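Enquirer: What follows is a single structure, and I will ask about it in a moment.
The values are calculated or read from the model by the stated rules, or taken from the named source; none is laboratory data. This is a predicted model, so every value here is computed, not measured. All Cβ positions, glycine included, derive from the backbone under ideal geometry; neighbour counts span all protein chains shown.
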Amino acid sequence: MTVAALADIFKQNESAILEQWIEIQRQAGIRSDLIDDRTMVDNSRDLLKAFIRAVTESGDDLNQPGWAPVKSLLERLSQAQSRQGFTPTETATFILSLKEPVFALLREANGELITASQLIDKLGLYSMERFLAGREVVIREQQESMLELSTPVVQLWKGVLAVPLIGSLDSNRTQVVMEALLQKIVETESDIAIIDITGVPTVDTMVAQHLLKTITAAKLMGARCIISGIRPQIAATIVHLGVELGDVVTKASLSDAFQLALKELNVRLVSANPR
Amino acid sequence: MVDKIPILKMGRYLLLSIQVDMHDQLAMDLQEDLTEQIVRHSAKGVLIDISSLEIVDSFIGRMLSHIANVSRILDAKVIVVGMQPAVAITLVELGLSLSGIATALNVEKGMRWLEKNVNDDLVAEVESDEDRDTPAETGN
Amino acid sequence: MTKTETLPLKQETDIVIIRQRVRKAAEEARLGLVSQTKIVTAASEIARNALIYGGGGECQLERTQRDGRAAVRLVVADQGQGIADLDQAMVDGYTSGGGLGLGLSGARRLVDHFSIQTAPGEGTTVELWKWK
């Protein structure tokens, strides 16, 4: 059976196909918590209409431009469903359940089923691809916001910021740290930033480079950096690697660094207890 | 097209703000103009405001370095202020650290830096008796 | 969906135009401010190189897709002498603070994909991509 003949059969029986398709979906049980009947009916009607037009115009090659409206409809639906919490099966079922009414029709017309089956399968696969792409976007967005959350920049005093780094410092993380730090420098007009690396497990050449980059960026914004939280092993590694820290001051503890910062800003802490 | 970058005199300092896309001729004119004014006014400090610059590439970086070097020879301190965060991050990635050029967050902090770092010409001071035996201290 | 524009690179003022067009393309691709700044700066470096060392040429600026994201693609081609020793030119001109070395290696760090084709007497073509 040619695709053109298929298209004709579809066109002549559009409303019958639609009715049966909607009924099958209702019987399969639509996710009433995520979608209502009205929407499901509208989605089905729109898709079927576009599907029939596409088969008529462009046959069964999904790469033809005539299929673009169907693909963009499927893309929109699949990605939305991906975000809304539908399972992959539920999303695929939407398309694949179209087979039942179509096959029933073809059997009556004594047509072969394989062409129609393959066509609907292709559409099913396409909608799965788009569904997964939607998931990838969600995962990436979550990764990015996790990265931001784990890089707080706090103000310890007027003019003094602290950046407690927890975990390894890769180039992605460094970008996030630099952006957060510089933004805070601008907001608070701080002169000193204490970068505490107590939580950084290893300092190799790459990590040292990332640190130096961050320090240089802060310096360009007029803020001086102090590195604190240098453990003995880290100090040994730095010397061993020959990393040039230049004129960057290093302190063993955040507390020492803070004291130094206050001194540089000419701040003196005085006890409140009268003598 | 801007003809040239205005240089303002403020006491013993010169102020200029780069707000346009620099090209070769403009950069050369600026350097010449600035050098001439430093000498003419015996300026001791130069504040360059780049808060309007959304892009600083190696050409601008070289220009700023050149200005700083020439000014140093003319005994004027240079400070660049107002770099935008995105620019700072990009510069660092590009590999330009602008080391050797002082930087500050804004004009206010820049002026404060100049005040602190520009030395007055030697002024004759009359020593009083109490002062005579005060030991010399290493300055900041 | 891809949109391409061709930009001449014959004089310094063309570099300004290239920066503006690349900025616009980056904005439309919804790149973050830092990413926008990086690609515009890289474009500026490469274009300037092409003008000064390559005698000028032409740029192709394309708005396209990569990895499922909107992307900016810039190709800068000059008909100059080509770079004789590419490895040397790509070495970080970190301390020298100027010249060919800094422009190329620096620009490479700023973008998500960088490729260069050059040979003595055959000019130089640099391709830059930014999508993150």
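Enquirer: A:Gln183 fails exactly one of the following numbered conditions: (1) facing chain B (nearest Cβ under 8 Å); (2) surrounded by 19 or more Cβ atoms within 10 Å (Cβ to Cβ). What is the number of that condition?
Expert: The number of the failed condition is (2).
Enquirer: Hey, can you tell me all the residues within the range A:158-175 that are assigned to a loop (DSSP other than H, G, I, E, B) and touching a strand residue (DSSP E or B) at 6+ places or on another chain (Cβ under 9 Å)?
Expert: Hits for the range A:158-175 are A:Gly159, A:Gly167, A:Leu169.
Enquirer: Considering only the range A:45-67, state which residues are of a type outside the set (A, V, I, L, M), within 18 Å of A:Ile9 (Cα to Cα) and surrounded by 15 or more Cβ atoms within 10 Å (Cβ to Cβ).
Expert: Hits for the range A:45-67 are A:Arg45, A:Lys49, A:Phe51, A:Arg53, A:Thr56, A:Ser58, A:Gly59, A:Asp60.
Enquirer: Here's something else I'd like to know. Could you tell me how many of the residues in the range C:44-62 are more than 9 Å from chain B (Cβ to nearest Cβ) and either part of a helix (DSSP H, G or I) or among the hydrophobic types (A, V, I, L, M, F, W, C) (or both)? Can you show your working first?
Expert: At the first step, the residues of the range C:44-62 found to be more than 9 Å from chain B (Cβ to nearest Cβ) are C:46-47, C:49-62.
So of that shortlist, the ones also either part of a helix (DSSP H, G or I) or among the hydrophobic types (A, V, I, L, M, F, W, C) (or both) come out as C:46-47, C:49-54, C:59, C:61.
Looking only at that region, the number is 10.
Enquirer: Shifting gears a bit: Looking at the structure I just gave you, is A:Val3 under 17 Å from A:Ala116 (Cα atoms) and surrounded by fewer than 18 Cβ atoms within 10 Å (Cβ to Cβ)? Quick ask: steps written out before the conclusion?
Expert: Values: under 17 Å from A:Ala116 (Cα atoms): yes; surrounded by fewer than 18 Cβ atoms within 10 Å (Cβ to Cβ): yes.
Yes, satisfied.
Enquirer: Failed condition for C:Thr37, given (1) within 14 Å of the chain's Cα centre (by Cα); (2) surrounded by 19 or more Cβ atoms within 10 Å (Cβ to Cβ); (3) farther than 18 Å from B:Thr90 by Cβ, with all others met?
Expert: It is condition (3) that C:Thr37 fails.
Enquirer: Related question: Give me the strands (runs of 3 or more DSSP E) completely within the range B:3-75, filtered to those with at least 1 residues that are more than 10 Å from chain C (Cβ to nearest Cβ) and touching a residue at least 40 places away in the same chain (Cβ under 8 Å), ordered by residue number.
Expert: B:13-17, B:45-49
Enquirer: Let me ask something else about it. Those residues that are of a type outside the set (Lys, Arg) and assigned to a loop (DSSP other than H, G, I, E, B), I need them from the range C:110-132; list them, please.
Expert: Going through the range C:110-132, the residues of a type outside the set (Lys, Arg) turn out to be C:110-129, C:131.
Answer for the range C:110-132, where residues must be of a type outside the set (Lys, Arg) and assigned to a loop (DSSP other than H, G, I, E, B): C:Val111, C:Asp112, C:Ala119, C:Pro120, C:Gly121, C:Glu122, C:Gly123, C:Trp131.
Enquirer: For the range A:14-119, list the helices (runs of 4 or more DSSP H) that sit wholly inside it and hold at least 3 residues that are without any contact (Cβ under 8 Å) to a residue 12 or more places away in the chain; which are they?
Expert: Output list reads A:14-28, A:37-58, A:68-84.
Enquirer: Here is a follow-up. Can you report the number of residues in the range A:159-175 which are touching a helix residue (DSSP H, G or I) at 6+ places or on another chain (Cβ under 9 Å), more than 10 Å from every other protein chain (Cβ to nearest Cβ) and free of Cβ contacts under 8 Å to residues at least 60 places away in the same chain? Let's see the steps before the verdict.
Expert: In the first step, residues of the range A:159-175 are kept if they are touching a helix residue (DSSP H, G or I) at 6+ places or on another chain (Cβ under 9 Å); the result is A:159-165, A:167-175.
Subsequent filtering for residues that are more than 10 Å from every other protein chain (Cβ to nearest Cβ) retains A:159-165, A:167-170, A:173.
From the residues that got through so far, the ones that are free of Cβ contacts under 8 Å to residues at least 60 places away in the same chain too are A:163, A:165, A:167-170, A:173.
Matching residues across the range A:159-175 total 7.
Enquirer: Ok, one more. Is it the case that some residue within the range A:141-157 is buried (at least 17 other Cβ atoms within 10 Å of the Cβ), modelled with pLDDT of 85 or more and either of a type in the set (Asp, Glu) or out of contact with any strand residue (DSSP E or B) (no Cβ under 6 Å at 6 or more places or on another chain) (or both)?
Expert: Checking the range A:141-157: not a single residue is buried (at least 17 other Cβ atoms within 10 Å of the Cβ), modelled with pLDDT of 85 or more and either of a type in the set (Asp, Glu) or out of contact with any strand residue (DSSP E or B) (no Cβ under 6 Å at 6 or more places or on another chain) (or both).
Enquirer: Okay, moving on. Quick one: A:Ser171 ticks every box in (1) more than 21 Å from the chain's Cα centre (by Cα); (2) within 15 Å of B:Val92 (Cβ to Cβ); (3) exposed (fewer than 15 other Cβ atoms within 10 Å of the Cβ) except a single one, so which number is it?
Expert: Going through the list (1) more than 21 Å from the chain's Cα centre (by Cα); (2) within 15 Å of B:Val92 (Cβ to Cβ); (3) exposed (fewer than 15 other Cβ atoms within 10 Å of the Cβ), A:Ser171 breaks only (1).
Conditions tested, residue by residue: (1) more than 14 Å from chain B (Cβ to nearest Cβ); (2) farther than 24 Å from B:Ser99 by Cα.
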| position | (1), (2) |
| --- | --- |
| A:His210 | no, no |
| A:Met221 | no, no |
| A:Cys225 | no, no |
| A:Lys251 | yes, no |
| A:Phe258 | yes, yes |
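Enquirer: Please enumerate the residues belonging to the range B:91-112 that are at the interface with chain A (Cβ under 7 Å from one of its Cβ atoms) and part of a helix (DSSP H, G or I). Working first, answer last.
Expert: In the first step, residues of the range B:91-112 are kept if they are at the interface with chain A (Cβ under 7 Å from one of its Cβ atoms); the result is B:91-92, B:97-98, B:103-105, B:109.
Correct list: B:Leu91, B:Val92, B:Lys109.
Enquirer: Of the residues in the range C:1-23, how many are basic (Lys, Arg) and within 13 Å of the chain's Cα centre (by Cα)?
Expert: Residues meeting the conditions: 3.
Enquirer: Are any of the residues in the range B:50-70 among the basic types (Lys, Arg), under 11 Å from the mean Cα position of the chain (by Cα) and either crowded, with 20+ Cβ neighbours inside 10 Å or at pLDDT below 95 (or both)?
Expert: no
Enquirer: I need a count of the residues in the range A:220-240 that are modelled with pLDDT under 95 and either within 18 Å of B:Val87 (Cβ to Cβ) or loosely packed, with under 13 Cβ neighbours inside 10 Å (or both).
Expert: 5
Enquirer: To continue, here is another question. Under 9 Å by Cβ, and 6 or more places apart or on different chains, what pairs join a residue from the range A:126-148 that is within 11 Å of chain C (Cβ to nearest Cβ) with one that is among the hydrophobic types (A, V, I, L, M, F, W, C)?
Expert: From the range A:126-148, the pairs are A:Arg130/A:Leu74; A:Arg130/A:Leu77; A:Gly134/A:Ala80; A:Glu144/A:Val176.
Enquirer: Next question, about the same structure. For A:Ala257, indicate whether it is under 25 Å from B:Pro85 (Cα atoms) and either surrounded by fewer than 17 Cβ atoms within 10 Å (Cβ to Cβ) or touching a residue at least 60 places away in the same chain (Cβ under 8 Å) (or both).
Expert: Yes: the conditions hold for A:Ala257.
Enquirer: Within the range A:1-44, can you find the residues that are in contact with a Leu (Cβ under 7 Å, 6 or more places away or on another chain) and over 15 Å from A:Leu96 (Cα atoms)?
Expert: To start, the set of residues in the range A:1-44 that are in contact with a Leu (Cβ under 7 Å, 6 or more places away or on another chain) comprises A:9, A:13-14, A:17-18, A:21, A:43-44.
Passing the criteria: A:Ile9, A:Asn13, A:Glu14.
Enquirer: Right, another one. Looking at the range C:123-131, can you tell me whether even one residue there is buried (at least 19 other Cβ atoms within 10 Å of the Cβ), in contact with a helix residue (DSSP H, G or I) (Cβ under 6 Å, 6 or more places away or on another chain), at pLDDT 85 or above and among the β-branched types (Val, Ile, Thr)?
Expert: Yes, there is a match, as at least one residue in the range C:123-131 is buried (at least 19 other Cβ atoms within 10 Å of the Cβ), in contact with a helix residue (DSSP H, G or I) (Cβ under 6 Å, 6 or more places away or on another chain), at pLDDT 85 or above and among the β-branched types (Val, Ile, Thr).
Enquirer: Consider C:Glu62 against the criteria (1) crowded, with 20+ Cβ neighbours inside 10 Å; (2) within 15 Å of the chain's Cα centre (by Cα): it satisfies all of them except one. Which criterion is unmet?
Expert: (1)
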